[in-house]
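Undergrad: Dropping the structure in here first, questions after.
The values are calculated or read from the model by the stated rules, or taken from the named source; none is laboratory data. Predicted model, so just to flag it, every value in this text is computed and none were measured. Reconstructed Cβ throughout: ideal geometry from the backbone, glycine too, with neighbour counts over all protein chains shown. These area figures cover heavy atoms from the full protein model, side chains too; ligands, DNA and RNA do not enter into them. Shrake-Rupley method; radii C 1.70, N 1.55, O 1.52, S 1.80 Å.
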Amino acid sequence: MIILIVDDDQATQNLLRTWVQESGHVVTCVSSDHLNAETLSKIAADIVLINWNLRYMSASDLCHLIRQEATYRYAIAYASGNRDIDFVECTAAGADDILSSPLNAPQLQVRILAAERTLNLQQAFAEQNAAHKALNEKLDLAYQALYSELQAASELQLGLLPTISDLHPNYALDWLVLPSSFLAGDNLNYFIMQERYLIFYHLDVAGHGIPSALLSVTLNQLLSPQPGSPMVRFDPQLELKRIVPPVEVVSELNRRFQPQGDGYFTMIYAVLDTETHEIRFCQAGHPSPIKISADGVASEVGDGGFPVGLWPDMTYEETRTTLMPGERLVLYSDGVLACLNDEEVPYSLEQLQDIIKSNAGEPLKDVLQAVQSDLERWGGGKDFPDDISLLIIECKA
């Protein structure tokens, strides 16, 4: 340690210098006649011994100068001879410790040892804080990078969703996806094949976050009318894509995605014949679609079924219904009914049906906006505990 002794008495300086050097410390002695903030800042010292009865400046002012410095120094006040020292004044001025009179070597050495321990602890804390600060800066940078990547991934995932709503002149489609985080496990899409068949699906991967989103994207890429997809059988000789029945599509997905554990998913896969208005669909653990009749009556279609990816050799069933002119079919994920209000009461199926019915004459986009607004009102904001998605198909003629 480097110790500075501030005393105007040469004899006291020499005495204290001897005692301090016996402890193995480096000593610098100065008087107060030329001491100020500038000269003090140029003197390196870890501990400052201050005679509280200086002739040329106030010891209290000296303590204030020490406390104003950027680097912390440990200040010990003392009074030479048998003079009294004001403990309250010393402490208020910024002294860390006080030597009682008369001065003696053992007391001084013990006080210096205590100061050394304090300074070492402060140094350790400072190094620890610096390390924590550096770690926090790295974590902030990593978070910012992850945030940017997740935002980019979210935009890419949303870019996989359909952009065309008028695939067929007699049918309108629109959808809503509200991820609970950056990435969603919900997915949907629709296609026209052979200029007659409207194929659509809506699925919900269990769980949240990146694992669910990865499986969702995989399914999005798989469920397209391309060779190798379970949706179609491609005859290269006839250059014809044959539509696979919904039950066979879902059964094939269940075969391919075994075992998935927590990565199972629910879905509805459907084929709509635009000429006969018949819909054939397979429901695999997904909420039953809501059909709104032309006169505004809501009814559920389907009976549940089992999720995909839980059990091998699962048997799935086909459900048939129609979508006549003026009717709408609404597919939704269970995240709609998982929306809770401030009393932990979930949003109900009746509420969803009421909103859809009350907007029966409105464009599909307005219906979806009304549902979103009602969910935000019920949940108290735009943050939801689960992904929310809806797909609406309307038969216009």
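Undergrad: Which trypsin sites (Lys or Arg not before Pro) does segment 111-197 hold that lie in a coil by DSSP with at most 14 other beta carbons within 10 Å?
TA: Of the trypsin sites (Lys or Arg not before Pro), the ones in loops of segment 111-197 whose Cβ has at most 14 other Cβ atoms within 10 Å are Arg196.
Undergrad: While we're looking at this one, here's another question. Do any chymotrypsin sites (Phe, Trp or Tyr not before Pro) in segment 4-72 lie in a loop, going by DSSP, with at most 10 other beta-carbon atoms within 10 Å of their beta carbon, and if so which?
TA: Here the chymotrypsin sites (Phe, Trp or Tyr not before Pro) that fit, given the DSSP loop and packing criteria, are Tyr56.
Undergrad: Which angle between 0 and 90 degrees, to the nearest 10, do you get for helix 349-358 versus the longest principal axis of the chain when only C-alpha atoms count?
TA: 70
Undergrad: Using only alpha carbon pairs under 8 Å that are at least six residues apart, calculate the relative contact order of the chain and give it in whole percent.
TA: Taking the mean separation of contacting Cα pairs over the length of the chain, I get 12 percent.
Undergrad: Do the sum for the chain: with -39,500 (n - 2.57) for every DSSP H run of n ≥ 4, divided by all residues, what is the mean residue ellipticity at 222 nm, to the nearest 500 deg cm²/dmol?
TA: So the calculated ellipticity at 222 nm is -11500 deg cm²/dmol.
Undergrad: Efficiency by 1/(1 + (r/R0)^6): what FRET value for Ile2 and Ser148, r their Cβ-Cβ distance, R0 = 51 Å, to the nearest 0.05?
TA: 0.60
Undergrad: Right, something else. Could you tell me whether segment 1-143 comes out rounded, prolate or oblate from its Cα gyration tensor? Rule is a ≥ b ≥ c as square roots of the eigenvalues, rounded for a/c under 1.5, then prolate if a/b exceeds b/c, otherwise oblate.
TA: Prolate.
Undergrad: To test your reading of the geometry: what angle, between 0 and 90 degrees and rounded to tens, separates the Cα axis of helix 105-159 from the longest principal axis of the chain?
TA: On a 0 to 90 degree scale, this one is about 20.
Undergrad: In addition: Could you work out how much longer the chain between Asn82 and Asn120 gets when fully extended? Use 0.36 nm per residue separation minus the Cα distance between them, nm to one decimal.
TA: 10.5 nm
Undergrad: Kindly express, to the nearest 10 degrees and within the range 0 to 90, the angle between helix 10-22's C-alpha long axis and the longest C-alpha principal axis of the chain.
TA: Helix 10-22 and the main axis of the chain meet at about 50 degrees.
Undergrad: Follow-up. What full-extension length gain, to one decimal in nm, is calculated for Leu340 and Trp311 as 0.36 nm per residue of separation minus the Cα-Cα distance?
TA: 7.4 nm is the gain from fully extending Leu340 to Trp311.
Undergrad: Among (1) 1.31; (2) 0.99; (3) 1.44, which one is Rg/Rh (Cα atoms, Kirkwood Rh) computed from these coordinates?
TA: (3)
Undergrad: Same structure again: Can you pull the three principal axis extents for the Cα set of segment 138-240, in Å, largest first?
TA: If we take the Cα atoms of segment 138-240, the spans are 59, 32, 21 Å.
Undergrad: Taking square-rooted eigenvalues a ≥ b ≥ c of the alpha carbon gyration tensor, is segment 287-377 rounded, prolate or oblate, where a/c under 1.5 means rounded and, failing that, a/b exceeding b/c means prolate?
TA: oblate
Undergrad: Continuing with the same structure: Suppose each label sits 7 Å from its Cα in the direction of the beta carbon; what would the His64-Ala92 distance come out to in nanometres?
TA: Label-label distance for His64 and Ala92, simple model: 1.2 nm.
Undergrad: Another question, if that's okay. With the other protein chains left in place, how much accessible area per residue, in square angstrom, belongs to segment 132-184 at a 1.4 angstrom probe?
TA: Per residue, segment 132-184 has an accessible area of 64 Å².
Undergrad: Near Lys42, which aspartates and glutamates are there with a Cα under 14 Å away, not counting those fewer than 8 places off in the same chain?
TA: Straight-distance partners of Lys42: Glu69.
Undergrad: May I ask you to order 224-233, 266-275, 386-395 by the average number of other C-beta atoms within 10 Å around their residues, highest value first?
TA: 386-395, 266-275, 224-233
Undergrad: Pull out a ≥ b ≥ c, the square roots of the eigenvalues of the alpha-carbon gyration tensor of segment 67-121, then state rounded if a/c is under 1.5, prolate if not and a/b is larger than b/c, and oblate in the remaining case.
TA: It is oblate, given that a/c is not under 1.5 and a/b is not larger than b/c.
Undergrad: Given Cα pairs under 8 Å that are at least 6 residues apart, what percent is the relative contact order of segment 24-156?
TA: 17
Undergrad: Where in segment 310-336 does the label zone of Gln258 land, with the point 7 angstrom along Cα→C-beta and an amide N cut-off under 19 Å?
TA: So the set is 310-318.
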